[in-house]
Amino acid sequence: MSNREGTPKFPDSYIGDKSIEYDNSTWMERNQKKTTLLCLQYLTDDKLDNLGNYNVLDRNHYIIVDLGCGSGFSSEILVGSGHRVIGIDILIDMLSKAKTKKKSQKIKKI
Ligand SMILES: C[S@@+](CC[C@H](N)C(=O)[O-])C[C@H]1O[C@@H](n2cnc3c(N)ncnc32)[C@H](O)[C@@H]1O
């Protein structure tokens, strides 16, 4: 799977062999992890304090629900950044790969 093959389609791009292809794609891994890092930057952006009283929270230890966690690339980054993560996905083929990462301690159990 590469960026030349176009945008993945739900659910076909995430089932069976396609889920393996997704999980083995270095381009997809890089893309998901880069996006997740950007999200984390927004989450801890000081300017967001203008929108609410976020400064009372411990920014280093959120519990984050990774909805549509796929094979767990984003969860790896979130856990690696010190957050506790609950990964949810509607497709077992994808979720099972995230579970494997959790077991291999790439994603720690919470
Ligand atoms: C781009 S992929 C995974 C992205 C993820 N950030 C990663 O690191 O791999 C999107 C995922 O969203 C899941 N998804 C789509 N609709 C969903 C829904 N309604 N509920 C739960 N998961 C959903 C798909 O099964 C797919 O695994």
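Once backbone amide H atoms are built at 1.01 Å from N, Asp66 has Ile86, Gly87, Ile88 as its partners under 5 Å, excluding neighbours fewer than 5 places away on the same chain. Subtracting the Cα-Cα distance of Ser96 and Asp12 from their residue separation scaled by 0.36 nm leaves 28.6 nm.
Quick note: the coordinates plus some simple rules give every number you see, no bench work behind them. Small disclaimer: the values here were computed from a predicted structure and weren't measured.
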